[in-house]
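Take a look at the structure set out below.
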Amino acid sequence: MNPSTLKRFAIGLLAWVIAFIIFFPIFWMVLTGFKTEVEAVSDPSLIFTPTLDSYAEVQQRADYFKFAWNSVIVSFGSTLLALIIAIPSAYSMAFLPTKRTKGTLLWMLSTKMLPPVGVLVPIYLLFRDTGLLDTCTGLVIVYTLMNLPIVVWMLYTFFKDLPKDILEAGRMDGASTLQEVLYLLMPLTLPGIASTGLLSVILSWNEAFWSLNLTTSQAAPLTAYIASFSSPEGLFWAKLSAASTMAIAPILVFGWLTQKQMVRGLTFGAVK
Amino acid sequence: MATLQLKNVIKEFGDTHVIKGVDLEVKDREFVVFVGPSGCGKSTLLRMIAGLESATDGDIVIDGKRMNDIGPAERGLAMVFQSYALYPHMTVEDNMGFSLRLAGVSKSERKDKVLDAARILQLENLLDRKPKALSGGQRQRVAIGRAIVRNPSIFLFDEPLSNLDAALRVQMRVELARLHEELDATMIYVTHDQIEAMTMADKIVVLQGGEVEQVGSPMELYHHPRNRFVAGFIGSPTMNFLPVDFQDANADGVQVTLPGGQGCRVPVNGEELAAGASLELGIRPEHLNLDDNGPMSGKIQVIERLGGATSLYVQMDHGMITVVADGDIEHKVGDTIRFGFEPFRGHLFREDGLALESLQRHPLTAINRQANRAPADSGDDQ
């Protein structure tokens, strides 16, 4: 083996090891979900008789589909709402910037640096008084606000890459601002909009802090579903694992199906 | 009918004065070219006419109607962009028909109009293609087609040929001239290339630093530049400027002493010149003749043979001078040559850059492209 092949081999091996370390907890969780409770806490073995008992019990205790449906509603709902608000904002920032545009963008990003727990009490009280506690509407609002800075930023960078001339040509052709956005801007930046949307869906799906604090039963999404299995009577590893597996499965499949779109969107503009 | 008037149009971006009060009149069916170095404000002026940029002050009047506060689409103009600005996600047909689609024109009518324009530009075979499957020249034609479909009162072109290679540029230049004739439309064209301006324009507007330096037919600008800037900008190779000593002025012109010490009477109006005035002689390279008895001499530094003509870069005592001579001359680098010029070919510029007015107008100054083509058309102009 010559040095360069060796080097590549070493780097490859290292990458695989790191990837495996990162992936291992997920792998172990999926595995544990197919064990019995006794096997789960006893010897950590790879050899056992897989069983679906845990899944059956989990489903008996709580209706998975109801939580999953809540997750779908809040993640897609908040993403849609965020896009509806962010597309016009990013349009105006990218194409009609003022002296304060840069500052506004930085301020928006700075709100992401504040720990969410810092505003938990005011938001909780606000939700309590407006009847938004434990409602999907409430979660959609919180997730939209949570993701809006990132969504606007991403769209802004995608829009900025679009030659201004094209929109001006549209204006000469008689397009109103809305038509400009619908017929020219959106189709031309679709990969970017799509990847922004996908990211927003994933972030909302995985969000746990707000969903645990603002929901109990009616609007609880899958993150709350997982948490409900760490009960005061003790931890049931197999059931917890089974629940977790079911909670992350949809978003994993979703991410896997859309990864091409995601990568294309995130590198959009970089390789024109 | 499509006319345009600019009345004291001003554009400021913050403290930057981009356009400093432009007055201009564009007649119906005229081909007007805005020309000037980069940053002179020519594109901004065009964008203001288009409505893509607002005017800080002044009036933009199209067909007698003030258009300052009217949106780009309602002004009845069409614009061809330097980058073509085609819609990448639409076919050629959809690109050309987009304005009609927005205007709610029926699909069949749209198709007819697009086909008409496609025929004029020989684009019929490309209607189903996307812009990225077209060559530069084809994209350019689609951009023009998109403008034609709108049936505008005035066509605006923003450096439309600058992204094409040299050969294609010449071809498109001819095509645009033909199109102007065929469509019989008013056109305003922005370029930094004085050859495009000279070859296509009925009227050239020379801009510098946001101000109009001169407006006139190509031959007027060439033979009677109003100032040193226009004289240097129009014509290629660029005009030579030599410092000369003012002797006297009378009804026959101004007597000056050339760098070599010989005298020359240039037929320009020097009535207002004070004794000892500092003057500069402007003489175009193509108006210098090799002449063994000529009043000036110098040593050849560089020779550029173009076949039909030869450019000689000659070192004189005061600096370099360019001489365009016959293509067949046998001179070599290092030769000393003598040359002269016919006095009426000379221009004299005062210290402030303004040209002294010629005593005789050049007979071709009234000629523009329209007059070149058909005498009947020329009545409107000049």
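Based on what the data block shows, is residue A:148 part of a helix (DSSP H, G or I), away from every other protein chain (no Cβ under 14 Å) and crowded, with 21+ Cβ neighbours inside 10 Å?
yes
Kindly indicate whether residue B:195 is of a type in the set (Val, Ile, Thr), assigned to a helix (DSSP H, G or I), over 23 Å from residue B:62 (Cβ atoms) and in contact (Cβ under 8 Å) with a residue 24 or more places away in the chain.
yes
Does the range B:98-113 hold any residues that are within 13 Å of chain A (Cβ to nearest Cβ) and either more than 19 Å from residue B:87 (Cα to Cα) or β-branched (Val, Ile, Thr) (or both), and which are they?
Listed by number, the list holds a single entry, B:105.
Any idea which of A:6, A:14, A:31 is closer than 16 Å to residue A:239 by Cα and not small (Gly, Ala, Ser)?
A:31
Of all the residues that make up the range B:92-136, how many are in contact (Cβ under 8 Å) with a residue 24 or more places away in the chain, surrounded by fewer than 17 Cβ atoms within 10 Å (Cβ to Cβ) and not in a helix (DSSP H, G or I)?
Residues meeting the conditions: 3.
I'd like the full set of residues that are farther than 24 Å from residue A:89 by Cα and surrounded by 10 or more Cβ atoms within 10 Å (Cβ to Cβ), limited to the range A:100-120.
A:119, A:120
Among the residues of the range A:215-229, write down those that are under 18 Å from the mean Cα position of the chain (by Cα), in a loop (DSSP other than H, G, I, E, B) and either modelled with pLDDT under 85 or of a type outside the set (A, V, I, L, M, F, W, C) (or both).
Of everything in the range A:215-229, just one residue is under 18 Å from the mean Cα position of the chain (by Cα), in a loop (DSSP other than H, G, I, E, B) and either modelled with pLDDT under 85 or of a type outside the set (A, V, I, L, M, F, W, C) (or both), namely A:221.
Kindly indicate whether residue B:292 is more than 21 Å from residue B:244 (Cβ to Cβ) and either at pLDDT 95 or above or more than 25 Å from the chain's Cα centre (by Cα) (or both).
Here the answer is yes, as residue B:292 does meet what is asked.
Quick one: how many residues across the range B:114-137 are in contact with a Leu (Cβ under 6 Å, 6 or more places away or on another chain) and within 14 Å of chain A (Cβ to nearest Cβ)?
1
Select from the range A:155-209 the residues that are acidic (Asp, Glu), closer than 21 Å to residue B:130 by Cα and in contact with a helix residue (DSSP H, G or I) (Cβ under 7 Å, 6 or more places away or on another chain) and write down the one among them that is farthest from the other protein chains (Cβ to nearest Cβ).
So the residue we want is A:180.
Determine whether the range B:183-191 contains at least one residue that is closer than 17 Å to residue B:4 by Cβ, in a helix (DSSP H, G or I) and in contact with a Phe, Trp or Tyr (Cβ under 7 Å, 6 or more places away or on another chain). Walk me through it before giving the result.
Residues of the range B:183-191 that are closer than 17 Å to residue B:4 by Cβ, as a first pass: B:183-190.
Still in the running and in a helix (DSSP H, G or I): B:183.
Cutting the leftovers down to in contact with a Phe, Trp or Tyr (Cβ under 7 Å, 6 or more places away or on another chain) gives us none.
The answer is no, given that none of the residues of the range B:183-191 is closer than 17 Å to residue B:4 by Cβ, in a helix (DSSP H, G or I) and in contact with a Phe, Trp or Tyr (Cβ under 7 Å, 6 or more places away or on another chain).
Let's see how each residue does on (1) over 19 Å from residue B:158 (Cβ atoms); (2) crowded, with 17+ Cβ neighbours inside 10 Å; (3) of a type in the set (Gly, Ala, Ser); (4) under 31 Å from the mean Cα position of the chain (by Cα):
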{"residue": "A:163", "(1), (2), (3), (4)": "no, no, no, yes"}
{"residue": "A:166", "(1), (2), (3), (4)": "no, yes, no, no"}
{"residue": "A:170", "(1), (2), (3), (4)": "no, yes, yes, no"}
{"residue": "A:183", "(1), (2), (3), (4)": "yes, yes, no, yes"}
{"residue": "A:193", "(1), (2), (3), (4)": "yes, yes, no, yes"}
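I need the helices (runs of 4 or more DSSP H) fully contained in the range A:52-143, keeping only those with at least 3 residues that are more than 26 Å from residue A:239 (Cβ to Cβ) and not aliphatic (A, V, I, L, M).
A:64-95, A:101-110, A:120-130
Within the range B:46-87, can you find the residues that are exposed (fewer than 14 other Cβ atoms within 10 Å of the Cβ), more than 12 Å from every other protein chain (Cβ to nearest Cβ) and over 24 Å from residue B:17 (Cβ atoms)?
B:64, B:65
So that you can scan it fast, the table gives a plain yes or no per residue for (1) closer than 26 Å to residue A:258 by Cα; (2) in a loop (DSSP other than H, G, I, E, B):
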| residue | (1), (2) |
| --- | --- |
| A:174 | no, yes |
| A:178 | no, no |
| A:196 | yes, no |
| A:201 | yes, no |
| A:212 | no, no |
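Looking for whichever is touching a residue at least 60 places away in the same chain (Cβ under 8 Å), in a loop (DSSP other than H, G, I, E, B) and over 30 Å from residue B:29 (Cβ atoms) here; the options are B:225, B:243, B:237, B:259. Which one fits?
Being touching a residue at least 60 places away in the same chain (Cβ under 8 Å), in a loop (DSSP other than H, G, I, E, B) and over 30 Å from residue B:29 (Cβ atoms) holds for just one of B:225, B:243, B:237, B:259, which is B:237.
Here is a yes/no grid of residues against (1) farther than 29 Å from residue B:86 by Cβ; (2) not aromatic (Phe, Trp, Tyr):
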| position | (1), (2) |
| --- | --- |
| A:76 | yes, no |
| A:99 | yes, yes |
| A:112 | yes, yes |
| A:142 | yes, yes |
| A:155 | no, yes |
| A:164 | no, yes |
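What tally of residues in the range A:14-47 results from selecting those that are part of a helix (DSSP H, G or I) and within 30 Å of the chain's Cα centre (by Cα)?
Residues flagged as part of a helix (DSSP H, G or I) and within 30 Å of the chain's Cα centre (by Cα) within the range A:14-47 amount to 21.
Kindly provide the set of residues from the range B:140-157 that are within 14 Å of the chain's Cα centre (by Cα) and surrounded by fewer than 24 Cβ atoms within 10 Å (Cβ to Cβ), ordered by number. Step through it out loud before you land on a result.
Filtering the range B:140-157 for residues within 14 Å of the chain's Cα centre (by Cα) gives B:157.
Once the filter is applied, which keeps residues that are within 14 Å of the chain's Cα centre (by Cα) and surrounded by fewer than 24 Cβ atoms within 10 Å (Cβ to Cβ), the range B:140-157 yields nothing.
Quick one: count up the residues across the range B:144-163 that are out of contact with any helix residue (DSSP H, G or I) (no Cβ under 8 Å at 6 or more places or on another chain) and either outside the structural domain of residue B:80 (by TED's automatic domain parsing) or closer than 19 Å to residue B:88 by Cβ (or both).
Final tally of qualifying residues: 1.
Scanning the range B:271-289 for residues that are outside any strand (DSSP E or B) and of a type outside the set (A, V, I, L, M, F, W, C), which turns out nearest to the chain's Cα centre (by Cα)?
Residues of the range B:271-289 outside any strand (DSSP E or B): B:271-277, B:284-288.
Remaining after also requiring of a type outside the set (A, V, I, L, M, F, W, C): B:271-272, B:276, B:284-287.
On the way: B:271: 31, B:272: 31, B:276: 36, B:284: 18, B:285: 19, B:286: 19, B:287: 21 Å.
Here the residue is B:284.
Please go through the range B:231-248 and pick out each residue that is among the hydrophobic types (A, V, I, L, M, F, W, C) and farther than 23 Å from residue B:265 by Cα.
Answer for the range B:231-248, where residues must be among the hydrophobic types (A, V, I, L, M, F, W, C) and farther than 23 Å from residue B:265 by Cα: B:233, B:234.
The values are calculated or read from the model by the stated rules, or taken from the named source; none is laboratory data. Predicted model only: the values in this text are computed from it and were never measured. Note that we place each Cβ from the backbone using ideal geometry, even for glycine, and neighbour counts take in every protein chain shown.
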